[in-house]
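Here is the structure we will look at, set down as structure tokens.
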Amino acid sequence: MNHPATSAGLWTLAWRRLRADRVAMASLAAVCLFLLSVVLAATGLIAADWEDEVAVNYAPPAFMGPDPALAALAQPQRPVPPNAFDPLAADIAQLHAELARRGHAAHDVKRTTLPFGADKWGHDIVRKTIKGGQTSIVVGLVAAFVAVALGTVFGALSGFYGGLVDDFFNWFYSVFTAIPSILMILTVAAVLQTKGVLTIVLILGLTGWTGPYRLIRAEYIKHKAREYVMAADAIGASGWRKMFMHIFPNVSHVALVQMSILVVGFIKAEVILSFLGFGVPVGVVSWGSMLNEAQNELILGKWWQLTAAASAMAILVTAFSLFADSLRDALDPKLK
């Protein structure tokens, strides 16, 4: 018995187009690797010991070789022999002997080179970059979700109901877009007056909803007059059910594309906020805080922390941007 042929849905067609796009798949693989590093860092499987002082201050990358001026700092200091003129010398020598007996040196031997160098505290730059990526990527993803959620709800209400509701949200939208985005971000940061990952998420989420709102509103205006919405109205569906159970599945691709675009912008915004001093607090590392530290290190000729953080951010932002463009093209209903 022959089954009737069914046409592929929007998401199936989009996935087929993405699979045929080598750039999109390579970008998706790069993004997935970064997300995997975030999960592993959050669970403590990698980069959990990024704060350990494993090298001398400003240890250069391994391919540059050790700095002779720093090599002496990596050697353990020998205990001072007992001195008749020092009443504490014997006690100090006994303490050193006890530490040695327990398997500890008086001063840990620190490395003079690392694969990609160390910062001014002797932290491994590779581990620090991985841990900083956890903060920056989480901020970008969560803030983008908050912004798209607000923009979707506001756009749905505005486009579906129209009238005074539409006028109110359009006025609200105009107020936010009339102020330059960086000034709006700094204003919200000054009002909150606290540092932390949650604060950065709120700053970016509360100021980044305008783009999704404009697009979602236009989609709801277009879809609310279509036959399937009229059929839902005829069977007595409520307004919220029509908005989020009937219309939203047909415009969800717009929200998804907007979220992928905002993630890129918010990762860069977190770097700018941390660079300006409105970012993560002391004790929390991010790519932005690494760049903030690196500006003073450049004066001393220590370029490896800046290179590591900037390179990681550039790779992720480029991969995410390419994937967002490919996803937008794949979800375009005009492409068959």
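Before moving on, here are some points about what is shown:
- Flag: A8 does not match the condition of being surrounded by 11 or more Cβ atoms within 10 Å (Cβ to Cβ) and modelled with pLDDT of 60 or more.
- Any hit, region 298-318, residues being within 13 Å of the chain's Cα centre (by Cα), at pLDDT 85 or above and not hydrophobic (A, V, I, L, M, F, W, C): no
- Whichever residue in region 28-47 is small (G, A, S) and more than 18 Å from A309 (Cα to Cα) and, among such residues, is surrounded by the fewest Cβ atoms within 10 Å (Cβ to Cβ): G44
- Scanning region 131-157 for residues that are of a type outside the set (S, T, N, Q), within 12 Å of the chain's Cα centre (by Cα) and surrounded by 22 or more Cβ atoms within 10 Å (Cβ to Cβ) yields K131, G132, G133, I137, V139, G140, A143, A144.
- Candidate set from region 292-306 (those that are touching a residue at least 12 places away in the same chain (Cβ under 8 Å) and under 14 Å from V126 (Cα atoms)); member that is surrounded by the most Cβ atoms within 10 Å (Cβ to Cβ): Q305
- Qualifying residue in region 238-247 (condition: aliphatic (A, V, I, L, M) and free of Cβ contacts under 8 Å to residues at least 40 places away in the same chain): yes
- The test for being within 12 Å of the chain's Cα centre (by Cα), in the same structural domain as D124 (by TED's automatic domain parsing), in a helix (DSSP H, G or I) and not basic (K, R) holds for E270.
- Selected residue (criterion: surrounded by the most Cβ atoms within 10 Å (Cβ to Cβ)) from residues of region 193-229 that are among the basic types (K, R) and over 28 Å from the mean Cα position of the chain (by Cα): K224
The values are calculated or read from the model by the stated rules, or taken from the named source; none is laboratory data. None of these values were measured; they are calculated from a predicted model. Cβ sites come from the backbone with ideal geometry, for glycine too, and all protein chains shown count toward neighbours.
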